[in-house]
1. Name every residue in the stretch 426-441 that is among the hydrophobic types (A, V, I, L, M, F, W, C) and out of contact with any Ser or Thr (no Cβ under 6 Å at 6 or more places or on another chain), in order of residue number.
2. If you check D431 against the conditions, is it within 10 Å of the chain's Cα centre (by Cα) and among the acidic types (D, E)?
3. Restricting attention to the stretch 386-410, which residues are touching an Asp or Glu at 6+ places or on another chain (Cβ under 8 Å) and open to solvent by less than 60 Å² (accessible area, probe 1.4 Å)?
4. Which strands (runs of 3 or more DSSP E) does the stretch 365-452 wholly contain that include 3 or more residues that are among the hydroxyl-bearing types (S, T, Y)?
5. Select from the stretch 243-269 the residues that are part of a loop (DSSP other than H, G, I, E, B) and not small (G, A, S) and write down the one among them that is surrounded by the fewest Cβ atoms within 10 Å (Cβ to Cβ).
6. Sort through K174, K167 and tell me the only one that's of a type in the set (D, E, K, R), part of a loop (DSSP other than H, G, I, E, B) and closer than 30 Å to L95 by Cβ.
7. Search the stretch 270-288 for residues being surrounded by fewer than 24 Cβ atoms within 10 Å (Cβ to Cβ) and not in a loop (DSSP other than H, G, I, E, B), and hand back the single one that is modelled with the lowest pLDDT.
Amino acid sequence: MMDTTSNLIVSSPNIKYTDDFIYSDYEYEDTLVTRNKNELVAKPYRTSLQIKTERKIGRVGVMLVGWGGNNGSTFTAAVLANKQQLSWNTRNGKLDSNWLGSITQASTVRLGLDEKGNDVFVKMSQLLPMVHPDDLVIDGWDISPLNLAESMVRAKVIDYELQQKLKKEMSAMKPRPAIYDPDFIAANQADRATNLIRGTRYEQYLQVRADIKNFRDKNKLDKVIVLWTANTERFCEVRQGVHDTDENVEKALRANDSEISPSTIFAMAAIDEDCCYINGSPQNTLIAGVVERAEKRGVFVAGDDFKSGQTKLKSVLVDFLVSAGLKPVSIVSYNHLGNNDGKNLSAPKQFRSKEITKSNVVDDMVESNRILYAEGEKPDHVVVIKYVPYVGDSKRAMDEYTSEILLHGTNTIVVHNTCEDSLLAVPLILDLVVLAELFTRLSFRPNVNQEWTPMHAVLSPLAYLLKAPLVPPGTPVVNALFKQRACIDNIMRACLALPPVHHMQLEHKVPFLMSDLKSGAMFASTPPLKKQKLAHENGDQ
């Protein structure tokens, strides 16, 4: 059962609402395992946490690097179409705007069970205060001078009649000049590159900072999130003494070092302007020195590369096969597309960046089962991307998964996927912005005698939305999709002093619990609902 009409209030001695904050007393539990020769010793672990969620969101702005590209123009069109609740006619009839594909706007979270034993689901944004898409203020940079209406026409993603309804408003939106370095993106992008920030890398960095400040001040914003959705760069050549520390990155920037990429310049400028920076393309932007810079300044960063439908499906299938005791031995991913992303990726160095992120999405699942895989053993994993201009934004993908089964037999699953690339990516951009903003308002402490501390500067809980998620140094990367999604859901539940969802449903399997549920004794044993002011409801409605 889904309930989107009722106000959500948690009644618990472990939660406290004020006008400014939600306070949660939470017991974090796990199992600690130690090895003693051939013996594994498992011991339950429990620690008490206090979690504080700031309720006031403020005015939030989004600056997109690559605003005039397919993703940037489509994101802007989607925000405006939904805000104005636009409808438009197509050969398939009248269509309405929506946010399908967004987990914050179009997916649900299990809240609990009702008196009849049925699961109750709520919209994710009902759990905690989140910025509403209608309230976002949008700006950005692009190497192309086209206004957003012209960019939307060039992208060929939005239906014609909807383009006409958005044309006037989007014509007034013009990208700020961006940074163009032909050594980092494909040479075939040169014809677009006429709207540029000139000067040395340090001068470009200063201009980006000035742009962010101008945007913030002009729109009276409380918070700005900068997100890279521009072309995939080649991987920079990471060097000791250049990329390894905050100080060295700063020196290299001022020295105009050729291995300081445009995306790194944007990241440094965003961090120094106290803006969360999200990298949505496969490139090593968030190098050690940049991450250290974010940690020192208490600014949040996340990346790398939007996780589209094909990669989500890959992580689901491989996780399913490995969990079922089957051994994937060959994974071959082929796709072709005809948008500007495909054009840029037709260059070998830029393709290599994408290949790396696509190839790493199964690593943690392989590591989880040493019955199947010996140390150092991995499936053969091949990624092919081809540029076919005719298909435009319609990406065609084919994935072949071959597994070893009982007595060395084989099983092959082949999946063909056709998707509109930007219409899959844009909801991910929205979710990255909405969830990143939420996570900046969370604080933790072990007890009342300690200072509140924010989450780590690297927002690894956003892994569900990213192909090659950045994690804090020395921590494991999780690529299994269900684990990534459960992480987001359960962090939000922890903020409300609610236990993680475990899916045991013992109230439907153990006779005396079944009896307690049926008789009403289960609900009678819970504390009565506390009176709360309407202003103390949790998320949006």
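1. Across the stretch 426-441, the qualifying residues are L428, I429, L432, V433, L435, A436, L438, F439.
2. Yes, satisfied.
3. D393, S394, K395
4. Hits in the stretch 365-452: 394-404, 410-420.
5. Taking the candidates together, the pick is N256.
6. Matching residue, one of K174, K167: K174.
7. The residue in question is A288.
The rows are residues; the columns are (1) modelled with pLDDT of 95 or more; (2) buried (at least 16 other Cβ atoms within 10 Å of the Cβ); (3) on the phi > 0 side of the Ramachandran plot.
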position	(1), (2), (3)
L424	no, yes, no
N449	no, no, no
V458	yes, yes, no
P461	yes, yes, no
L496	yes, yes, no
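The values are calculated or read from the model by the stated rules, or taken from the named source; none is laboratory data. Since we're looking at a predicted model, the values are computed, not measured. Every residue, glycine among them, receives a Cβ derived from its backbone with ideal geometry; neighbour counts consider all protein chains shown. Keep in mind that these areas ignore ligands, DNA and RNA; they rest on the heavy atoms of the full protein, side chains included. Shrake-Rupley method; radii C 1.70, N 1.55, O 1.52, S 1.80 Å.
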